[in-house]
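One structure is given below, encoded as structure tokens.
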Amino acid sequence: MLSHEENELLCRVEGQAPMGQLMRRHWTPVCLIEEVSEPDGTPIKARIFGEDLVVFRDTNGRVGVMDEYCPHRRASLVFGRNEDCGLRCLYHGWKMDVEGNVLEMVSEPVASGMVQKVKHLAYPTKEWGGFVWAYMGPADTQPEFEPPAWAPTADARVTIAKVLIPCNWAQILEGAIDSAHSSSLHSSDMVPARVDTAQATDTTWLRPSTDKAPRLQLERGVYGFRYAAIRRPISNAASNDYVRSTVFVAPATALIPPNNLYNVANINVPMDDTHTAFYFIAWGHASQTPDTASWRKFLGQELGVDLDENYSPLRNRSNHFWQDRAAMKAGNFTGITGFPNQDVAMWVTMGPIADRTHERLGASDLAIVEFRKQMLEAVRAFQSGAPAIGTGAMRIPASVCAFQAIVPKSTDWRAFSASYVWDSSAAPLEPSYSIPA
């Protein structure tokens, strides 16, 4: 368990909170590219680290990420006119470009020269891997953008489901790196089967083990850590182990063991202390990675069906997350459709910020304990002037990846030669990949 002070240091991200300032030293996903795909299209609102932002694509296709509120009288620019390479406030007609330069002040005399004296807050941006990214830290610490581990090349297909969750980022991240819970919470969707590796089918992910109590082993790195959940396989358990190795990439990314078709990851972006943008990602070769519509349908995270137009879940605590008790009696473990929705139910019911002072942790919580220990060490070092964890020389090496495999008991998972799932020879998936008609 953590003390109240440690819990606050770990979780708080708004304003000058040390953890939020550490995170600002990383390039951060602000929204999906698809949300601002149209030049001169509708601006959208985003909220990151407690800061309200407006995102828009200008006439020439450049993306801007700016303070939502006009520098004049602080009216929202989300309602502004996106035209002629700038965003114009409706209130008095002030117009800003994607770099925050004030182009026009139609309410001011030209002779005043005021237009040269005002600069609006705008952040550097990059488009990559389906996201609009921004660097929200100090300008003198801005690093070059480097592709994340889950979108290493421009030709990788990156398929993303987005949901805005009303709880703190850390309890979501802890859920993402916790391998033990999947054997219970997701047992109706990640089904034990006599297969030689984890496999994706039309409706489920098959797993070659019935073991609900994995042995955990961990290896720390400067970027975060990786660990193995070691289970008994269904076949040849006397001589083999089933290993699932998850990677935590500081400050808020999890690389999840893949299936036979594609790789899996998630990134958790703090909107503020008590809300998180959760992105669940499938990535790999285009021939084997599901398209966006199929992925979101498979996960139960479709706009207009499972989520409202703002990506907020329609399943919530007040409607019991649409839990089906009749289905539970018939054998479904949770009665909640879509395994990310099962996670969301657990995260949200912990409260806006989980109170870690009352927990009872066990052997299956090794990764949770390490995450807290490492991030608290990192944020204290950052407060003392050290670089932010995961930046510069502390970036994750390209050789580190999540994996799953049945291996001989004599195999050390730390030395196991793993690579990401990538098969350029496979036949393309049908658009309805994961959902039967």
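The values are calculated or read from the model by the stated rules, or taken from the named source; none is laboratory data. Because the structure is predicted, anything quoted here is derived from the model rather than measured. Counting neighbours? That spans all protein chains shown, and the Cβs are built from the backbone with ideal geometry, glycine included. Accessible surface is based on the protein model in full, side chains and every heavy atom, while ligands, DNA and RNA are left aside. Shrake-Rupley method; radii C 1.70, N 1.55, O 1.52, S 1.80 Å.
Excluding ligands, DNA and RNA, the accessible surface per residue across region 1-74 is 40 Å² with a 1.4 Å probe. Among the GluC sites (Glu not before Pro) in region 2-62, those placed in a DSSP loop whose Cβ has at most 16 other Cβ atoms within 10 Å are GLU14. Taking the chain as the region of interest, the number of lysine pairs whose Cα atoms are within less than 15 Å, with members eight or more places apart or on different chains, is 4. Of the GluC sites (Glu not before Pro) found in region 323-404, those that fall in a DSSP loop while having at most 16 other beta-carbon atoms within 10 Å are GLU359. Measuring from each cysteine beta-carbon in the chain, the ones with no other cysteine beta-carbon under 4.7 angstrom are CYS11, CYS31, CYS85, CYS167, CYS401. Computed per residue of the chain from DSSP H runs no shorter than four, each worth -39500 (n - 2.57), the mean residue ellipticity at 222 nm is -4500 deg cm²/dmol.
For region 209-273, trypsin sites (Lys or Arg not before Pro) are listed when DSSP marks them as loop and at most 16 other Cβ atoms sit within 10 Å of their Cβ; the list is LYS212. Backbone phi angles across region 267-283, fed through the Karplus curve with coefficients 6.51, -1.76 and 1.60 (θ = phi - 60°), yield HN-Hα couplings of 10, 10, 9, x, 7, 7, 5, 10, 9, 9, 8, 9, 10, 10, 10, 10, 8 Hz in residue order; Gly and Pro are listed as x.
Distant-in-sequence amide contacts of GLY41, defined by a placed amide H-H separation under 5 Å and a gap of 5 or more residues or a different chain, comprise ARG57.
In terms of the mean number of neighbouring beta-carbon atoms within 10 Å, the peptides 86-95, 166-175 order highest first as 166-175, 86-95. Which helices of the chain meet both criteria: a Cα extent of 24 Å or more along the helical axis and a mean Kyte-Doolittle score no lower than 0.0, with helices taken as whole DSSP H segments? Within the chain the helices that satisfy the rule are 366-383.
Using the Cβ atoms and a cut-off under 12 Å, what net charge is assigned to the surroundings of PHE382, where Lys and Arg are +1 and Asp and Glu are -1? Here the count lands on +2. Between ALA75, ALA388, ALA229, the GNM of the chain built on Cα springs shorter than 10 angstrom shows ALA75 fluctuating the most. A cut-off under 12 angstrom between Cβ atoms defines the neighbours of CYS31, and their net charge, with Lys, Arg +1 and Asp, Glu -1, is +1. Mean-square fluctuations from a GNM of the chain, with a 10 angstrom spring cutoff on Cα atoms, peak among PHE382, PHE79, PHE416 at PHE416.
Take region 316-437 with all the other protein chains still there, run a 1.4 Å probe, and you get 56 Å² of accessible area per residue.
Relative contact order for the chain: 19 percent, from Cα pairs under 8 Å spaced at least 6 residues apart, divided by residue count. Surface analysis of region 164-249 yields an accessible area of 34 Å² per residue, using protein heavy atoms and a 1.4 Å probe.
Taking Cβ atoms as reference points and 10 Å as the exclusive limit, the residues near GLY137 contribute a net charge of +1, counting Lys and Arg as +1 and Asp and Glu as -1.
Of the solvent-accessible surface of the chain, computed with a 1.4 Å probe over protein heavy atoms with every protein chain present, carbon and sulfur atoms account for 53 percent. Just GLY392, GLY113, GLY129 to compare: in a GNM of the chain, with alpha carbon springs under 10 Å, which one fluctuates most? Looking only at GLY392, GLY113, GLY129, the biggest GNM fluctuation is shown by GLY113. Region 83-128 and region 5-20 have Cα centres separated by 33 Å.
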